[in-house]
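J.: Dropping the structure in here first, questions after.
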Amino acid sequence: VVIAIIGILAAMIFPALGRAKIAAQRGTARIDINNIVTAIGQYESTYSQLPVVDRNVSGERDATYGIQNQGPFTPVDNKTTNYVSNSQIIAILMNEQQFRKTPVTDTINKGQVKNPKGIKFLSPKLSNGDASGNDFSPGVGLDGEYRDPWGTPYVISIDSDNSGAVRDHLYARQSVSQDNGKTGFNGLFNDAGSSDQFDFKSEVIVWSQGQDKKISTTSKANVGANKDNILNWAQ
């Protein structure tokens with residue numbers, strides 16, 4: 001009888017503990033995301049421009065950094081450039097000139113060319129995670145990648161073309177963001193009229209793929225693999 005009671009109690013407690021852990025992880029992700037957004041805003045205030053990896057490319061397009069498990073996708077007007085890593089943007093914000101991995105490699109901020117004043121706009125948790133191994137620990141890894149509590153890189157999209165609206169590599173899709181006509185989920189809109197051109201009126205958006213570590217280009221933003229994504233611009 002005692003064993004049966006213990007089993008019943010365990011069955012009741014373990015799911016609650018699991019939910020509490022996920023809630024705590026989501027809270028941590030929101031804090032990290034807000035810190036990234038704040039750091040980018042401070043960078044812009046300091047240098048009167050947004051941090052970008054390649055101005056020759058992204059200067060004419062919005063840029064998305066950090067989608068690694070997403071196949072090639074270009075909106076109909078080639079409006080976004082996709083970078084599979086967020087490490088270079090994070091290096092600029094952290095004022096890092098070299099990655100910590102071995103062999104040592106330079107970041108795009110070598111010589112502080114992207115951060116001349118040497119300001120550390122972002123001070124995230126550091127980890128020993130590295131995409132070349134099996135350790136995908138949360139925080140900024142040896143490879144410079146900033147990963148969420150589930151080990152997946154944070155996705156950062158920047159209004160590199162200074163249009164006043166940012167277009168994300170995933171959320172620009174009609175199949176993901178269209179709610180009703182030009183109105184999209186999570187405050188996105190489509191003024192252009194073409195299909196894959198849903199924007200958000202901001203200079204930067206940052207998001208996490210959530211606890212399932214998955215995204216889908218064929219599911220709406222509020223269902224399936226996209227439902228648990230954590231977005232800085234929406235609750």
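J.: Kindly count the pairs of lysines across the chain whose alpha carbons are less than 25 Å apart, treating pairs on different chains or eight or more residues apart as eligible.
T.: The result is 29.
J.: Find, to one decimal place in angstroms, the Kirkwood hydrodynamic radius of region 118-185, where the mean of 1/r is taken over every pair of different Cα atoms and then inverted.
T.: Details: mean 1/r = 0.0687 Å⁻¹.
For region 118-185, the Kirkwood estimate is 14.6 Å.
J.: Can I ask one more? How much of the pair distance distribution for region 97-150 lies past 12 Å, counting alpha-carbon pairs only, in percent?
T.: Details: 938 of 1431 pairs.
Within region 97-150, distances greater than 12 Å cover 66 percent of Cα pairs.
J.: Right, another one. Just flag the trypsin sites (Lys or Arg not before Pro) in region 113-170 sitting in loop per DSSP whose Cβ has no more than 12 other Cβ atoms within 10 Å. Don't jump to the answer; show the numbers that get you there.
T.: Working: sites: Lys114, Lys117, Lys120, Lys125, Arg147, Arg167; in loops: Lys114, Lys117, Lys120, Lys125, Arg167.
Taking region 113-170 and a limit of 12 other Cβ atoms within 10 Å, the loop trypsin sites (Lys or Arg not before Pro) found are Lys117, Lys120, Lys125.
J.: Here's something else I'd like to know. Need the full-extension length gain, Ser202 to Ile6, defined as separation in residues times 0.36 nm minus the C-alpha distance. One decimal, nm. Write out the running numbers ahead of the final one.
T.: Details: separation 196, 0.36 × 196 = 70.56 nm, distance 5.24 nm.
Extending this stretch completely gives an extra 65.3 nm.
J.: Another question, if that's okay. Tell me the relative contact order for the chain as a rounded percent, counting alpha carbon contacts under 8 Å between residues six or more apart.
T.: Numbers: 455 pairs, mean separation 43.9, N = 235.
It rounds to 19 percent for the chain.
J.: Let me check against my output: what whole-number percent is the relative contact order of region 111-235, with C-alpha pairs under 8 Å and at least 6 apart? Can you show the working numbers first?
T.: Working: 223 pairs, mean separation 23.1, N = 125.
Normalised by residue count, the contact order of region 111-235 is 18 percent.
J.: Evaluated at 37 °C with a viscosity of 0.692 mPa s, what Stokes-Einstein diffusion coefficient in µm²/s does region 137-219 have when Rh comes from the Kirkwood expression over alpha-carbon pairs? Could the numbers behind the result be given before it?
T.: Values: Rh = 13.7 Å.
Here the translational diffusion coefficient equals 239 µm²/s.
J.: Let me ask something additional. Could you state the number of Å between the C-alpha centres of region 208-226 and region 158-202?
T.: That distance is 17 Å.
J.: Check which residues have an amide H placed less than 5 Å from Ser137's amide H, if you skip close sequence neighbours.
T.: Sorted by chain and number, the residues that satisfy this are Gly129, Asp130.
J.: Asn128 to Lys21: FRET efficiency via 1/(1 + (r/R0)^6), r the Cβ-Cβ distance, R0 22 Å, to the nearest 0.05?
T.: Values: r = 22 Å, r/R0 = 1.00.
That gives a FRET efficiency of 0.50.
Just so you know, all these numbers are worked out from the coordinates, no wet-lab data involved. A quick note: this is a predicted structure, and the numbers were derived from the prediction, not measured. Ideal geometry is used to build each Cβ from the backbone, glycine not excepted, and the neighbour counts take in all protein chains shown.
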